[in-house]
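To start, the structure itself, in structure tokens.
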Amino acid sequence: MKNLYMVKPLFIAVLVSISYTASAQLSDSAKKSPVRTLTYQQYNAYLKGEADGDMAMVAEINHYPMPDKVLKLKHELDLSPIQIKKIEEINTYMHRRRLQVGESVISTERALDSLFRTHKIDDGTLIFYTNRYGLYQGELKNAILQACLATEKLLGEKQLARFEALQKR
């Protein structure tokens, strides 16, 4: 009987912990973005320089790796200090471009939302902002693919083959 009394508080503590974790996860997904036309997750990805979708896919399926993925495997790939330094520079530049483009996308989304909300949108303005949005997406894709291209050039054939083998695991 004594064990039953000890188990009950532990059981309650576990239930409270699980419900707290679940509610925290729900509240994150239910948070409102400061930009009505972006989800909270999209907004944060743009702010953090993490938004890219599958923009690197064309490079990656053709064996041009993302610099951050190569850096995670630097020991397994036996990268030299010079390779590490250069790939870190590539990755830093790519991240900086992601941040810049993210700010531009957020600004454009805010402008479009405002123009539609206030009924001040017209054909010419809409064309301007949507073309601008496409330009930003192109800049983002270019920055990511340029990073993949530059990273591939720094790796030897054996390193590229090892990277591919590690990715399949």
Given E88, E76, E152, which one is in the same structural domain as L47 (by TED's automatic domain parsing), under 27 Å from Q167 (Cα atoms) and without any contact (Cβ under 8 Å) to a residue 60 or more places away in the chain?
E88
V101 vs (1) surrounded by 14 or more Cβ atoms within 10 Å (Cβ to Cβ); (2) out of contact with any Leu (no Cβ under 7 Å at 6 or more places or on another chain): all pass except (2)
Taking the range 144-169 as the search range and keeping residues that are part of a helix (DSSP H, G or I) and over 17 Å from L71 (Cβ atoms), which one is modelled with the lowest pLDDT?
K168
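Matching residues to (1) in a helix (DSSP H, G or I); (2) over 18 Å from K168 (Cα atoms); (3) at pLDDT 95 or above:
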{"site": "A45", "(1), (2), (3)": "yes, yes, no"}
{"site": "E50", "(1), (2), (3)": "no, yes, no"}
{"site": "L77", "(1), (2), (3)": "no, no, yes"}
{"site": "E88", "(1), (2), (3)": "yes, yes, yes"}
{"site": "Y93", "(1), (2), (3)": "yes, yes, yes"}
{"site": "R97", "(1), (2), (3)": "yes, yes, yes"}
{"site": "Q100", "(1), (2), (3)": "yes, yes, yes"}
In contact (Cβ under 8 Å) with a residue 40 or more places away in the chain, more than 30 Å from A59 (Cα to Cα) and over 16 Å from the mean Cα position of the chain (by Cα): does that describe D123?
no
Anything in the range 60-75 that is crowded, with 20+ Cβ neighbours inside 10 Å and either at pLDDT below 95 or part of a helix (DSSP H, G or I) (or both)? List them, or say none.
P67, V70
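The values are calculated or read from the model by the stated rules, or taken from the named source; none is laboratory data. In this text, all values refer to a predicted model and were calculated from it rather than measured experimentally. Counting neighbours? That spans all protein chains shown, and the Cβs are built from the backbone with ideal geometry, glycine included.
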